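Undergrad: One structure coming up, written as structure tokens, with questions to follow.
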Amino acid sequence: MKNFVVAASFAAALMSTTAASAADLEVTHWWTSAGEAASVAEFARVFEEETGNTWVDSALAGSGTGANPVIISRILGGNPMGATQMNTGRDAEELIQAGLMRDLTDIADEMGVRDFYVDESLLEPCTYEGRIYCFPVNIHSWDWLWLSTAAYEEIGQPVPTNWDEYVATWPALEEAGILPFGLASGWPISGVPGVLMAGIGGSDLVLAVNRDKDVEAVRGEEFRKVAEAMDALRGVLSPDMMVPSFGDVGNQILAGEVAGNIHGDWLQGDLQVAGGVPGEDYECLPGLGLNDQLTGGGDSFYFPVLPDGTDPEVVEAQTQLARLLISPEAQLAFNLKKGSMPIRTDIDLSGANACMQKAIPLLDNGLLPSGDFALSSDTQQQLQDLSIEFIDNDSISVDDYIDRYASIIESAD
């Protein structure tokens, strides 16, 4: 009943401020996979039903790597969209500092966001000089190992319960003609070192590298284990085995063609769209089955400052969407399809699938800072380029990888 009252009160407040005539609001995002498209459609549906405005969808291909430059260029060029999704992190910090993003503090105070956010640290990247400039809409974590039930049935072994057990099955999988580890080309490799760092190296290593920029930690024994795990991965990979998108890897897992994959929990959305059922068709191991803390990240919405002379109804539509994105109804509808955890503590998650149910209790242990949170876009790109090169080029030794990783962290801001 409490959740119903919260939702009903929100809807009434929103409708009381709805403009007399509708406005078109362009929204940019990079949610283009099957699961992502289904989830963002929920935001659009609730926005249009509750406000009477029109969500003008501008999906951009290429995930953050390809979409971020387009988004930033448009805002800097004086042609801003009405709202845009970006990673919860440092991608927009220069735009905020330049006064090009709308201040959402009054809306945040009105809605009491600090009272219902699962982890208030999520708001830190949105905060500049004490003011709030974006709203995180979910909690995503890269820290997941996805395993194929069909692949392990084929080799007659139980599905592993942690990373070490999984690695031990690689010879049997290869003998059966099953690819031990699936990977999409390009950016999906960027999250793998961080997941290995949290799972194999542990929480202290993540804090030392991502938060403290501790070069000696990169040169230490715990990080060497991470680099050696990356080396083992490339031993069962080759560029001609990679598929175009992470959704394709999900299909390979369901078909039993690939035994496992490290990828963020947004893969759940695509697995669900493809008809996969956790616990039946695939298994999901948070923290590689080794760590009870997850690195926290996800998606936030920003609202660019619109040019002088913009129709006031469009500005009001921005306000309405900002409120709606973190409303109980929109949070539940969006996140159950996205595969991410909602940012609210006051909604009923009994309908969440088995993977999300594993993740929710781990939030009580606090979130570790992901690369998106702690590292600039430039630093993240350098690390991604290094990981792609390392996977593709066997001549780069583990020592070379560690040295180059340390050099990037040493110069990180």
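The values are calculated or read from the model by the stated rules, or taken from the named source; none is laboratory data. Predicted model only: the values in this text are computed from it and were never measured. Every residue, glycine among them, receives a Cβ derived from its backbone with ideal geometry; neighbour counts consider all protein chains shown. Note: areas computed on protein heavy atoms with side chains; ligands, DNA, RNA excluded. Shrake-Rupley method; radii C 1.70, N 1.55, O 1.52, S 1.80 Å.
Undergrad: Which distance in nm do the two modelled labels at E228 and D385 give, with both placed 7 Å along the Cα-to-Cβ direction?
TA: Each label point is offset 7 Å from its Cα along the Cβ direction, giving 3.0 nm.
Undergrad: While we're here: Taking the Cα-to-Cβ direction at V398 and at E280 and moving 7 Å from each Cα, how far apart do the two end points lie in nm?
TA: 4.2
Undergrad: In sequence order, what are the phi-derived ³J(HN,Hα) couplings for the stretch 335-350 according to the Karplus relation 6.51 cos²θ - 1.76 cosθ + 1.60 with θ = phi - 60°, rounded to whole Hz, with x for glycine and proline?
TA: 6, 5, 8, 6, x, 9, 8, x, 8, 9, 9, 10, 10, 7, 9, 5
Undergrad: Taking amide H atoms as placed 1.01 Å from N in the peptide plane, list the residues 5 or more away in sequence, or in a different chain, whose amide H sits under 5 Å from that of F181.
TA: A259, G260
Undergrad: Report, please, the projected area of the stretch 108-150 averaged over directions, based on the convex hull of its C-alpha atoms, in nm².
TA: Result: a mean projected hull area of 4.4 nm².
Undergrad: Another question about this same structure. How many Å² of accessible area per residue for the stretch 248-381, probe 1.4 Å? Present the calculation step by step, with values, prior to reporting the outcome.
TA: Numbers: 4220 Å² over 134 residues.
The answer is 31 Å² per residue.
Undergrad: Taking the dipole about the Cα centre of the chain, with the C-beta of Lys and Arg at +1 and of Asp and Glu at -1, give me whichever of N365, V40, T310 is farthest to the positive side.
TA: T310
Undergrad: Here's something else I'd like to know. Report the one residue of V206, C134, F223 whose Cα lies farthest in the direction of the positive end of the charge dipole of the chain (charges on C-beta: Lys and Arg +1, Asp and Glu -1; origin at the Cα centre).
TA: The residue sitting farthest along the positive end of the dipole is C134.
Undergrad: Can you give the angle from 0 to 90° between the axis of helix 312-325 and the longest principal axis of the chain, with both taken from C-alpha atoms, to the nearest 10?
TA: 50
Undergrad: Pop a pseudo-label 7 angstrom from the Cα along the beta-carbon direction at both S185 and S407 and give the gap in nm to one decimal.
TA: 2.7
Undergrad: Where in the stretch 69-102 does the amide nitrogen come within less than 19 Å of the point 7 Å from the Cα of D311, taken along Cα to Cβ?
TA: The answer is 79-84.
Undergrad: Something else about it: Just to confirm my numbers, what's the Cα centroid distance between the stretch 104-149 and the stretch 36-62 in Å?
TA: If you average the Cα positions of each part, the centres end up 20 Å apart.
Undergrad: Right, something else. What longest region of the chain stays clear of GluC sites (Glu not before Pro) that DSSP places outside H, G, I, E and B and that have at most 14 other Cβ atoms within 10 Å?
TA: For GluC sites (Glu not before Pro) (loop position, at most 14 other Cβ atoms within 10 Å), the longest site-free span of the chain is 130-279.
Undergrad: Starting from the amide H of V56, placed 1.01 Å from N in the peptide plane, find each other amide H under 5 Å away whose residue is 5 or more places distant or on another chain.
TA: For V56, whose amide H was placed from the backbone, the distant partners under 5 Å are L25, E26, V27.
Undergrad: What size of dipole, in debye to the nearest 20, comes out for the chain about its Cα centre when the only charges are +1 on Lys and Arg C-beta atoms and -1 on Asp and Glu C-beta atoms?
TA: Numbers: 19 positive and 64 negative charges, 121 e Å.
With only Lys, Arg, Asp and Glu charged at Cβ, the dipole is about 580 debye.
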